[in-house]
Amino acid sequence: ESRIRGLPAPGYRRAYASPNARRATFEQAWARTWPGVTVTRLEMSDPARIEEEVRMDFGLRIPGYADRVGEDALAFRPLGRARTWVESYAPTSSRPLPLVLDHAFENRFDTTWELPEGFEVERLPEGGEVRSRFGAASLRIEAGEDGAVHATAHVAIEVARVEPGDYPAFRAFLGEVDALFGGRVVVRRTSAEPAPAGL
């Protein structure tokens, strides 16, 4: 499920104004993170109610969710395979002009993975926190007693304009965010059977 409020909300209302095109638009948006994704369910709040947050409840079928590691293990990134933050917001090494973003923003993630039967967690990313004058990011990830993996994360870009002299530091901050979210969850089959091609 997704909840969008504040300055990004009008863009979502415009993008999903047509009921007939919502599923295709939503699938295309997620394809950047999960190539080949199929939307199995999508329920959305009325985009005409501009005083309310945008609410989306959905289901996705994702091929190749995890990568094979050796003969009996699978690995996946907690926040998917989307473009890195550096690629998205600071792809060049320097800028002669200010970088102007649409607005400051904050994204929060709360995710639980229930592992396939016969698998257990072998390794989790360390998690941690990154802070700078441009924003902050955090990741907390742990395996529960039931074997499921739970992660909470957030990213806040607290500026909408970056001057050329500040751009290298801003780019370095985004690199730290990418490093924080770049670790992989590794799960291993506990039986002798080989791991499937992917989750």
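The values are calculated or read from the model by the stated rules, or taken from the named source; none is laboratory data. Here the structure is a predicted model, which is why all the values come from computation and not from measurement. Here Cβ is always computed from backbone atoms with ideal geometry, including for glycine, and neighbour counts include all displayed protein chains. With ligands, DNA and RNA removed, areas are computed over all heavy atoms of the protein, side chains included. Shrake-Rupley method; radii C 1.70, N 1.55, O 1.52, S 1.80 Å.
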Task: Accessible area of region 69-108 divided out per residue, in Å², using a probe of 1.4 angstrom - done: 63
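Is the shape of region 93-182 best called rounded, prolate or oblate, per the rule: a/c under 1.5 gives rounded, else a/b larger than b/c gives prolate, else oblate, with a ≥ b ≥ c the square roots of the Cα gyration tensor eigenvalues? Don't skip to the end; give the middle numbers.
Numbers: a/c = 3.60, a/b = 2.76, b/c = 1.31.
It is prolate, given that a/c is not under 1.5 and a/b is the larger ratio.
Counting only protein heavy atoms, what percent of the accessible surface of region 45-124 is carbon or sulfur at a 1.4 Å probe?
On the way: 2360 of 5200 Å².
Result for region 45-124: 45 percent of the exposed heavy-atom area is carbon or sulfur.
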- [ ] Please work out how much length the chain gains when fully extended from His154 to Ala9, using 0.36 nm per residue of separation minus the C-alpha to C-alpha distance, in nm with one decimal.
- [x] 50.4 nm
- [ ] Please compute the net charge surrounding His154, taking Lys and Arg as +1 and Asp and Glu as -1 over other residues with Cβ under 14 Å from its Cβ.
- [x] 0
Open item on the list: What are the extents of the Cα atoms of region 1-73 along their three principal axes, in Å, largest first?
Closed with: 52, 24, 17
Open item on the list: Tell me the angle of helix 22-31 to the major Cα principal axis of the chain, expressed in degrees between 0 and 90 and rounded to the nearest ten.
Closed with: 70
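What does the net charge come to around Ala137 if you take all other residues with beta carbon closer than 12 Å to its beta carbon, with K and R at +1 and D and E at -1?
Once all neighbours under 12 Å are counted, the net charge is -2.
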Open item on the list: Could you sort Met56, Met44 by their accessible area in this structure, using a 1.4 Å probe and putting the largest first?
Closed with: Met44, Met56
